[in-house]
Amino acid sequence: MPTLADLRNKAVKAKEASLSTLSNTRDRMSSQPSKNIDWNANIKSKPPPPPKPAFKPPPPPSRTSADASSASTSQVKPPVPPVPLRRAGSSATSSVARSPSSVSPSPPPRPPPRSLNSAASSSVSPSPPPSVTGDLPPGPPPPIRRETRPDRLSAAPQSHAPPPPPLRKIRESEADIERIDWANLSPEDKQVFFSWLDEFFSRYLGVPIPPRSTTATVEDVKVPPGWHTPSPRPSVPSRPSIPPRSPHPASSSVELVMSYPPPCEHGSLAEDLAHYFSPLTHWSSAWYASEKSFLAPPIEGNGQLTWTASSSYNGYTKTLYVGVLFVDLSMCFYSVSWPQNAPPTHDPNDARAVQRSAQYLPCPTPWDRARLVEAHETYGETVASFAESYEGTGQPCARGECWDLANEALKSFEQYDWVPKPVPSVCRTHGHLMYEGKAADKGRTQAGRWRGGDDRVRRGDIVEWRTARVGKGPYSWAMLGNPDHTAVIVSEMVPRVAVADGMSVPPRELGTLEVIEQSLGKPPTRATYDLSNLEEGEVWIYRPVGMEAYVGTMLVAQCPEGVNALSI
C-alpha cells in the first residue's frame, strides 16, 4: 500500500507534466503578429513582356532575270511553283535587257522562262517547269523592248545567247526603255497579254483554248492626245449565243405527246361524238330503243366520261336526251326521237321517222392568272384541308383508293350551297390543267408544257401520275401509279424558271411537290416528290375550278337555253 509520501510525489509529477504539455502547445500554436510581417518580402513583380519585334515585310519579288551561265550556284533556292509556259505562236526569244547589279542576299525564285514555240532558243520542257537556282540581282520592274515582242520575227537564236538585234533603230540609253503603262496598252500588247492568260488557264484547267485572232477580238482604237484609251468593245462573234426560250410549245425540240386524254379525230371528244349524229352518218341499229343503255355506240363502255340522261313521251313519239362530259372537259348534248310503236327492226336512218341532233361545247381555253388565283382562293384551301384532315388518323377516305381522296374533296362542296360547284373528277381530270409532262430513259429525256396564266402550283391542286418512277435517293425510288395514282398537293411550288401559258417546261424545272396521298392498305400520309428526279412516266397537275365558269354549264341532259353550243 502506497504511503502518503508516494502519493504526494505522484501528484507533483502529474502537475509538472500538465504544465509542460500546456507550455509546448502554447509555443506551437502561437503566431507572429500581423503588423510585424513583411508581406512583400518574397513577392517579386512579373517582368514586363518582351517588346514585339518590328514587322519587316518581305522584299518584293525581283522582276529581273539572270542569264543561266552567270547565275550563282552557291545558294540553293526553294522549288519554283508550277507556272504555265507562255506560248505566243511566233519564233522569237523572251530575253529582256537588264543592267548588272549587286547580288541580293535572299532574292525570291525566278519564274520559268517564257517559251514561245518549239523553235525557241532555250529548250524548256512544257511540263513540269524547271526550277532555277542561284542568286538573282534585284532591280526595277522588267523593261519592255519592242524588239522582243512575240509578234516580231527574228533569226533562231542559240541557247543562252543574247537577244537578237532589234528590227528598228533604238537609242541605247535609259530613255529608250519603256515602262508598262497599263492604262494605255497598245492593241498588240493586249493581244500578247491575253495569249499568255489563255495558255495559263488552258494548262491550269486542262481545256484547250484556240489561238486568238487579232482582227476578231482586238479593235484598233486611235486615242487623241490627253485622252485615255476606252475599253475595247467585245466583238459579236465572241459573245456567247443564248437561244431564246420560246413560249410556244410547237417550237420545243422535244415533241410532247401524252397518253391522256385520249386522242380525238376532230377538235374535241365531244365534237367527235356530235359527228356521229350527223344525218350523213349511217347507223347500223336502233340502239336508242333499248332500255339497257342510253349511250351511243361510239361511247358505249367508255369509262373516261360522265353522263346524265332523261326521256319524254307525248303519246306517239318518244325522245331520249343525253348529256356527256368528257375527260378533256368538252361536253356533248344529243337527242333521238322515234315513234313509240315502231318495231325494233325499224330503219334508224329513216329521217321521216327518226330525228337525231347533237350540240357540243369545245374544250375550254386556259384561264389567265387572275381567274386561276380566284379559283384557288375559292376551292384550294378547302380541298387541301379535307385531305389533311385524314392525315395521322389511320382511317382511309371512302374506299381507300388514291382517287377517292381528290374525288371526295371536290364532292364536299355540295354541302356549301353558296359556293359554285367545282368541276367534278372525271376519270383522271380534276379541273383546269396546269401542267403536263413526261420523262424517259432514267430522266435523260424530259418534256412538259405549262398551261394557264398562273406562275405556280398552289395548295389544293391535284396531281396525277401514270407509271411514274421518281428518285428518292442514291439507291431508292418511288413507283407512282399502277398504272395511275392521285394525290392532293398541300404546299405551294414555284417553278425554277418563269412560266407562261403554252411554254415548254421539262419536269426538272418545276420543283418539289408536297402531297397527301393514300392507297389500298395505306391510310393518308404526307410525302414529297422532287420532279427533277422524275425518271420515267407521266405527270399532270390540275386546279379545281367552277364548273359553270370554266366549262360553260352544269352537266344536264338537255343543252340549257343561252348556252352557245355548236352544231355539226
* Structure fact -> Only one of Arg459, Arg466 is part of a loop (DSSP other than H, G, I, E, B) and basic (Lys, Arg), namely Arg459
* Could you grab me the full set of residues in the stretch 379-407 that are hydroxyl-bearing (Ser, Thr, Tyr), farther than 30 Å from Val322 by Cβ and touching a residue at least 12 places away in the same chain (Cβ under 8 Å)? => Thr382, Tyr390, Thr393
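State the number of residues belonging to the stretch 364-400 that are under 34 Å from the mean Cα position of the chain (by Cα) and in a loop (DSSP other than H, G, I, E, B).
Of the residues in that region, 9 qualify.
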* Give the residues of the stretch 544-568 that are open to solvent by 60 Å² or more (accessible area, probe 1.4 Å) and assigned to a strand (DSSP E or B), sorted by residue number. => Leu566, Ser567
* Asked: How many residues, within the stretch 412-428, are in a helix (DSSP H, G or I) and touching a strand residue (DSSP E or B) at 6+ places or on another chain (Cβ under 9 Å)?
  -> 1
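Restricting attention to the stretch 401-429, which residues are charged (D, E, K, R) and within 14 Å of Tyr550 (Cβ to Cβ)?
Lys421
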* **Residue satisfying all of: in the stretch 483-501; touching a strand residue (DSSP E or B) at 6+ places or on another chain (Cβ under 7 Å), open to solvent by less than 30 Å² (accessible area, probe 1.4 Å) and in a loop (DSSP other than H, G, I, E, B); nearest to Asp454 (Cα to Cα) among these** => Val499
* Residue by residue through the stretch 340-368, note down the ones that are open to solvent by 20 Å² or more (accessible area, probe 1.4 Å), over 20 Å from Val556 (Cα atoms) and touching a strand residue (DSSP E or B) at 6+ places or on another chain (Cβ under 8 Å). => Gln340, His346, Ala353, Gln355, Pro366, Trp367
* To do: Pick out the one residue from Gln415, Gln446 that is over 18 Å from Asp328 (Cα atoms), in contact with a Lys or Arg (Cβ under 8 Å, 6 or more places away or on another chain) and either open to solvent by 10 Å² or more (accessible area, probe 1.4 Å) or without any contact (Cβ under 8 Å) to a residue 12 or more places away in the chain (or both).
  => Gln446
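The values are calculated or read from the model by the stated rules, or taken from the named source; none is laboratory data. Keep in mind it's a predicted model, so treat the numbers as computed, not measured. Every residue, glycine as well, gets a Cβ built from its backbone with ideal geometry; the counts of neighbours run over all protein chains shown. Note: areas computed on protein heavy atoms with side chains; ligands, DNA, RNA excluded. Shrake-Rupley method; radii C 1.70, N 1.55, O 1.52, S 1.80 Å.
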